[in-house]
Amino acid sequence: MRIEKVDVIVTSPGRNFVTLKLTTGDGVVGLGDATLNGRELAVASYLRDHVAALLVGRQAHNIEDTWQYPYRGPYWRRGPVTMAAIAAVDMALWDIKGKVAGLPVYQLLGGRSRRGALAYGHASGTTVEALFTAIRNLRDDGFKAIRIQAGVPGLARVYGVGSDQLAGQRYDYAPAARTTVPVEEDWDTAAYLRHIPGVFEAVRAQFGADLLLLHDAHHRLTPNQGAQLGRALEPFDLFWLEDCTPAENQEALRLVRQHTTTPLAIGEVFNTVWDYQQIIREQLIDYVRSSVTHTGGITHVKKLLEYAAQYQIKSGMHGPTDVSPVGMAAAMHLGMSIHNFGIQEYMKHGAKTDLVFEQSFTWTDGLLHPGAKPGLGVELNVDEAGKYPYEQAYLPYNRLADGTVHDW
Ligand code: KDG
Ligand code: MG
């Protein structure tokens, strides 16, 4: 069964998505997510201009070999553009294999290890009332785990914090607001560190001990500041503290680890197992944040999580709205099958996205399930996708009060 046709579809139903569509000679279609937020066209070009020709005529069943070929073949390895492109090829081939076998992908990965994937939603607010409203809404929707982000007094805008007027509604990350250059936000680490522990104290006092609470520092702290924050949050029993440092320097996590027992999650900007080599071997983290979309697909993230499992480190796969429903489905199938599943991030997509990508996910009692359809279980409505051409959009960035560009 050979790959006959390779299409790359860029669509923007509220935000940009890049989808790889492979069609075999017998007409079986496989989909892969290649969306890289703010760099979508770079991956689309990589696929169209450099990968498509390698795929045509290849045996669609040889997933491992078709992973190694575009990874080792071109000389240049790793990096988010390459790894998102390879991820899309890999997902599409698993989708095809599942459809041919008549089985959902998780069955091909070893079968089901759980009833569904525990998922966390996003709550935020600049006031305690708005934050509490957002938390109540997520709880009413069945979430047992909630990520808490809060506005910081003195800062005009903080990434990951939605407007208070929308507290009861679905939150979408910037750059849902389209801009041709990144929007500038302000940042003050000292003000943030002073404010956040009080937010968690208020949330625990209001919602009790059972609710699982998470927090994302969005890579903005030094190792010492990360250690301070982790320690300050210990009384509030977090499920995890995410991305406390930028962590290109894997050793940075040693200092954080030595000073706090707050569990640490990292890796949504990492794209290979090699980015995790030291932090997994030295047990410096508790959760692996990679998404299937940005880390070489199901084949590679499965290897990464098997390595992590040797050290009792679990999955916490990235699932923001800039991972398409195809990428989310791939994460769910993998999460259903592995033993060391931890939690899945789940930001629901908007209504327009749900029309472009027809999904069979179920959401019951705080557990996500990819559904029983063969393959990944997501279909692309090409006519609907065609209504939404690409629109330039970027993540914001931040500067300190003196004008210095700060870390993400
Ligand atoms: O594209 C970047 C976003 O997906 C990222 O900033 C979201 O930090 C994020 C998260 O934890 O979902
Ligand atoms: Mg994050």
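Descriptive notes on the structure:
- Screening the candidates Val273, Val292, Val301, Val326 for the property of being touching a strand residue (DSSP E or B) at 6+ places or on another chain (Cβ under 6 Å) and more than 13 Å from ligand 1 (Cβ to nearest atom) yields one hit, Val326.
- Filtering segment 133-159 to residues that are within 21 Å of the chain's Cα centre (by Cα) and loosely packed, with under 15 Cβ neighbours inside 10 Å leaves Asp141, Gly142.
- From the options Glu345, Glu282, residue that is more than 16 Å from ligand 2 (Cβ to nearest atom) and either open to solvent by 20 Å² or more (accessible area, probe 1.4 Å) or under 23 Å from Asn137 (Cα atoms) (or both): Glu282
- Looking across segment 350-374, the residues that are on the phi < 0 side of the Ramachandran plot, outside any helix (DSSP H, G or I) and open to solvent by 20 Å² or more (accessible area, probe 1.4 Å) come down to Glu358, Gln359, Ser360, Phe361, Thr362, Trp363, Thr364, Leu367, His369, Ala372, Lys373, Pro374.
- Within segment 193-228, being out of contact with any Phe, Trp or Tyr (no Cβ under 7 Å at 6 or more places or on another chain) and either within 16 Å of ligand 1 (Cβ to nearest atom) or among the β-branched types (Val, Ile, Thr) (or both) holds for Ile196, Val199, Val203, His215, Asp216, Ala217, Leu221, Thr222, Gly226.
- When the criteria are applied in full, Val28 meets the requirement of being open to solvent by 20 Å² or more (accessible area, probe 1.4 Å), over 16 Å from Ala385 (Cβ atoms) and of a type in the set (Val, Ile, Thr).
- Odd one out for Arg231, checked against (1) open to solvent by 30 Å² or more (accessible area, probe 1.4 Å); (2) more than 24 Å from Arg194 (Cβ to Cβ); (3) more than 16 Å from ligand 1 (Cβ to nearest atom): (2)
- In segment 146-162, the residues that are farther than 16 Å from Ala191 by Cα form Cβ pairs under 7 Å with partners that are open to solvent by 30 Å² or more (accessible area, probe 1.4 Å) and at pLDDT below 95, at six or more places apart or across chains, as follows: Gly162/Tyr171.
- Scanning segment 383-397 for residues that are in contact with a strand residue (DSSP E or B) (Cβ under 7 Å, 6 or more places away or on another chain) and modelled with pLDDT of 95 or more yields Ala385, Tyr388, Tyr390.
- Residue pairs whose Cβ atoms lie under 9 Å apart, separated by 6 or more positions or on different chains, with the first residue in segment 361-381 and of a type in the set (Val, Ile, Thr) and the second surrounded by fewer than 15 Cβ atoms within 10 Å (Cβ to Cβ) and outside any strand (DSSP E or B), are Thr364/Arg115; Thr364/Gly142.
- Number of positions in segment 375-395 that are surrounded by 18 or more Cβ atoms within 10 Å (Cβ to Cβ), in a loop (DSSP other than H, G, I, E, B) and not hydrophobic (A, V, I, L, M, F, W, C): 2
- Of all residues in segment 285-295 being closer than 24 Å to Leu255 by Cβ and open to solvent by 10 Å² or more (accessible area, probe 1.4 Å), the one that is farthest from ligand 2 (Cβ to nearest atom): Asp286
- Verdict on Ile298 being away from ligand 2 (no atom under 14 Å from the Cβ), at negative phi and touching a residue at least 40 places away in the same chain (Cβ under 8 Å): yes
- Long-range neighbours under 7 Å by Cβ, at least six apart or interchain, first residue within 17 Å of Asp216 (Cα to Cα) within segment 316-336, second among the hydrophobic types (A, V, I, L, M, F, W, C) and in a helix (DSSP H, G or I): Met317/Ala331; Gly319/Met328; Gly319/Ala331
- Condition met for Ile135 (β-branched (Val, Ile, Thr) and within 26 Å of Val269 (Cα to Cα)): no
- Residue in segment 1-22 that is most open to solvent (accessible area, probe 1.4 Å), counting only those that are closer than 11 Å to Leu55 by Cα and of a type outside the set (Asp, Glu): Arg2
- Taking the criterion of being in a loop (DSSP other than H, G, I, E, B), closer than 21 Å to His318 by Cα, without any contact (Cβ under 8 Å) to a residue 60 or more places away in the chain and in contact with a helix residue (DSSP H, G or I) (Cβ under 9 Å, 6 or more places away or on another chain), the residues of segment 264-288 that qualify are Gly267, Phe270, Gln283, Leu284, Ile285.
The values are calculated or read from the model by the stated rules, or taken from the named source; none is laboratory data. This is a predicted model, so every value here is computed, not measured. All Cβ positions, even for glycine, are placed from backbone atoms using ideal geometry, and neighbour counts span all protein chains on display. The protein model used for the area step is the full one, side chains on, heavy atoms only, and it has no ligands, DNA or RNA in it. Shrake-Rupley method; radii C 1.70, N 1.55, O 1.52, S 1.80 Å.
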